[in-house]
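Engineer: Got a structure for you, questions after.
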Amino acid sequence: MKKFPIVLAVGVCLVASACSSKGRTPLDDAPSPAAALQQLDTLVVAPEDVELRYYSSDWAQFKAAPDMKQGCSVRDRVLRRQGTGTKVKGSCRITGKWTSPYDGQTVKVESGMEVDHVVGTAEANRSGVRTWSKADKERFGNDERFLVAVSKGSYQQRNGQDPAHWLPRGHRCEYAALYVQAKAAYRLTVDQAEKSALAGVLRGC
């Protein structure tokens, strides 16, 4: 079983009332393109493990967030932190405004947003996780360092695809760098097409 360091998610508030909503996403804290290129070269290149069955429930999307109101989840916490002027109302209804970094769209209703795994859980499942426990998968699925609030349209367009098949219109450099960081943090593999696409983006930044 692989062991991963226990790291508090960047910017996560342990007491919800102490949070200030400034609209930052993990893309704002992505590594530099040069650092990401160096990190990319440390990743193991291997074909995707398409024979390993994928069960979304194993990745616990999304766990409860006990520091917020009852009924809130990690998804709600991400939306609260990454929006501007956000508030938690009722049974964990998030209000505010969001700017989707993938397409630049401004969204003023929570129902128009999704929380995206920079490395999708289905993609992670194909990237060398045969020895992972369910707890490992849950940790990955709820790691807020790599969860980004985006418009529902861009989320559906991406549909969990890797960078060889999809890239955002905006913040491509940051997206590629954060994607590499996520794969490195969890010792995930990349296939050759994926690595080439990431390198192409980062070299052009």
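Engineer: Of the conditions (1) at pLDDT below 95; (2) touching a Lys or Arg at 6+ places or on another chain (Cβ under 7 Å), ASN159 fails just one. Which one is it?
Structural biologist: Result: ASN159 passes all but (2).
Engineer: Continuing with the same structure: Mind checking which residues of segment 152-166 are within 26 Å of GLN38 (Cβ to Cβ) and in contact with a helix residue (DSSP H, G or I) (Cβ under 7 Å, 6 or more places away or on another chain)?
Structural biologist: Within segment 152-166, ASP162, PRO163, ALA164, TRP166 qualify.
Engineer: Sticking with this structure for a sec: Write out, first by first residue and then by second, each pair whose Cβ atoms fall under 6 Å of each other, whose residues are 6+ apart or on separate chains, and whose first residue, in segment 140-155, is over 23 Å from GLY112 (Cβ atoms) while the second is open to solvent by 10 Å² or more (accessible area, probe 1.4 Å) and at pLDDT below 95.
Structural biologist: Between residues of segment 140-155 that are over 23 Å from GLY112 (Cβ atoms) and residues that are open to solvent by 10 Å² or more (accessible area, probe 1.4 Å) and at pLDDT below 95, the close pairs are ARG145/ALA9; ARG145/VAL10.
Engineer: Could you go through segment 145-155 and let me know if any residue there is over 15 Å from the mean Cα position of the chain (by Cα) and modelled with pLDDT of 95 or more.
Structural biologist: Taking every residue of segment 145-155 in turn, at least one turns out to be over 15 Å from the mean Cα position of the chain (by Cα) and modelled with pLDDT of 95 or more.
Engineer: Sticking with this structure for a sec: Could you list, ordered by first residue, the pairs with Cβ atoms under 8 Å in which the first is in segment 55-72 and among the hydroxyl-bearing types (Ser, Thr, Tyr) and the second is crowded, with 19+ Cβ neighbours inside 10 Å, at least 6 apart or interchain?
Structural biologist: As it stands, the answer is SER56/THR121, since those pairs meet every condition given.
Engineer: Something else now. Which residue out of ALA199, ALA185 is surrounded by fewer than 22 Cβ atoms within 10 Å (Cβ to Cβ), out of contact with any helix residue (DSSP H, G or I) (no Cβ under 7 Å at 6 or more places or on another chain) and under 25 Å from VAL45 (Cα atoms)? Outline the logic, then answer.
Structural biologist: Numbers: ALA199 fails: out of contact with any helix residue (DSSP H, G or I) (no Cβ under 7 Å at 6 or more places or on another chain).
One residue alone meets the criteria, ALA185.
Engineer: Taking only segment 12-55 into account, find how many residues are touching a Lys or Arg at 6+ places or on another chain (Cβ under 6 Å) and at pLDDT below 50.
Structural biologist: Final tally of qualifying residues: 0.
Engineer: Sticking with this one: Within the set of pairs 6+ apart or on separate chains, which have a first residue in segment 25-41 that is assigned to a helix (DSSP H, G or I), a second that is loosely packed, with under 14 Cβ neighbours inside 10 Å, and C-beta atoms under 8 Å apart?
Structural biologist: Qualifying pairs under 8 Å: PRO26/VAL10; ASP29/VAL10; PRO33/ARG203; LEU37/ARG203.
Engineer: For segment 39-59, how many residues meet the condition of being open to solvent by 80 Å² or more (accessible area, probe 1.4 Å) and either touching a Ser or Thr at 6+ places or on another chain (Cβ under 6 Å) or closer than 17 Å to ALA185 by Cβ (or both)?
Structural biologist: Of the residues in that region, 3 qualify.
Engineer: Mind listing just one residue for me: the one in segment 1-11 that is open to solvent by 40 Å² or more (accessible area, probe 1.4 Å) and under 19 Å from the mean Cα position of the chain (by Cα) and, of those, modelled with the highest pLDDT?
Structural biologist: The qualifying residue modelled with the highest pLDDT is PRO5.
The values are calculated or read from the model by the stated rules, or taken from the named source; none is laboratory data. Only a predicted model underlies this, so the values are computations on that prediction, with no experimental measurement involved. Neighbour counts run over all protein chains shown; Cβ positions are idealised from the backbone, glycine included. For the accessible areas, the whole protein counts, side chains as well, though only heavy atoms, and no ligand, DNA or RNA atoms are used. Shrake-Rupley method; radii C 1.70, N 1.55, O 1.52, S 1.80 Å.
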